[in-house]
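Working notes, beginning with the structure itself.
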């Protein structure tokens, strides 16, 4: 067995018996990965972990489920000193925060659920890259213990966690600035902004024709294009759902540029089909990282009405940008939108003198 790997596992708290068993069962890689991320031997049951952290067991169980994990067996010793420290940190945060945790900690559970969903996506991306690297080495004939040793050396968790911490602080600062400087500070969570949806035309049919790898490449390319374009105009991607992206921008002109650029760039992209967009402006309620309200519903309905390569906008968007020489307009017949009523619809185009290379 690789000496470096054995030395690493012992330093991290693995017993000789545990190492020998993992070697016999071909689980050295998994063992090394576990101890890289969670050092120290498992010592406690879940209930013992809560007791040592002076943490309410029922609340801890709700938070554990909010993280996305099933209830651990009651008598299984799966938890480490680091788990106890994490519970102590959560308890202290609850005790010291000015943000209400809600009755029965309901608000706290919601926060953990949202955070866990975002972190799960990060974990999927990281684990995909790891699995690909391991697969390449196995195909090249590298022994399992050498692969495990390489993984422990290459995975710098402290560096990755610092990057995640940095990105979260940047996002929190930006989000807090938007909310704390809202035009109506009494409407907690409400913001005046432009909301846009862009989707790929014919995605459902394509998903049935393409191989899984080709479909994954298409979705990845669309997300890459969307994130780059939205960031270019100081907007924010709220979510992507396969063939559709939702974005917001406090500047209506920037939001219009995003919608136009995404449809233009999709039209000339070698991988993507044509795109279409819907854009509305008004007050939207921000909650758990998503946005809600009539303006969101309107933007979503507008994209459904749009033809391939076009951008449909509400009268609020048109009125805000009518004097902007960067845009051209075509008034369409009014439409009755379910749950919204009859609205005026405009087709947004780029002014001829403003046409640019996608």
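List of remarks:
- Paramagnetic label reach from residue 78 (point 7 Å along Cα→Cβ; backbone nitrogen cut-off under 14 Å): within segment 3-43, residues 42-43.
- Computed Kirkwood radius, in angstrom, where 1/r is averaged over Cα pairs of segment 55-140: 15.3 Å
- If you plug the beta carbon distance of residue 349 and residue 287 into 1/(1 + (r/R0)^6) with R0 = 35 Å, you get a FRET efficiency near 0.55.
- Radius, Kirkwood style, for segment 159-317 when every pair of distinct Cα atoms is counted (Å): 16.3 Å
- Packing order of peptides 162-168, 217-223, highest average first: 217-223, 162-168 (average count of other Cβ atoms within 10 Å over each peptide's residues).
- Available extension along the chain between residue 133 and residue 315 is 60.4 nm, counting 0.36 nm per residue and deducting the alpha carbon span.
- Each of 150, 349 was scored by other Cβ atoms within 10 Å of its Cβ. Arranged with the fewest first, they read 349, 150.
- According to the Cα-based calculation, Rg over Rh for segment 1-146 is 1.04, with Rh computed by the Kirkwood formula.
- Its convex hull of Cα atoms gives the chain a direction-averaged projected area, equal to a quarter of the hull surface, of 23.1 nm².
- Label zone at residue 237 (point 7 Å along Cα-to-Cβ), backbone N below 20 Å, segment 269-285: 269-280
- Entry note, the chain: relative contact order of 12 percent, from Cα contacts under 8 Å with a spacing of 6+ residues.
- Each of 204, 152 was scored by other Cβ atoms within 10 Å of its Cβ. Arranged with the fewest first, they read 204, 152.
- Residues of segment 67-92 with amide N under 11 Å of the 7 Å Cα→Cβ point at residue 47: 74-76
- Neighbour-count order for 318, 330, fewest beta carbons within 10 angstrom listed first: 330, 318
- Debye equation applied to the C-alpha atoms of segment 249-358, log10 I(q)/I(0) at 0.14, 0.20 Å⁻¹: -0.56, -1.09
Read-outs throughout are calculated quantities, based only on the coordinates presented, and are distinct from any laboratory measurement. Every value quoted in this text rests on a predicted model; they were computed, and no experiment measured them. Cβ coordinates were reconstructed from backbone atoms using ideal geometry, including for glycine residues, and neighbour counts include every protein chain displayed.
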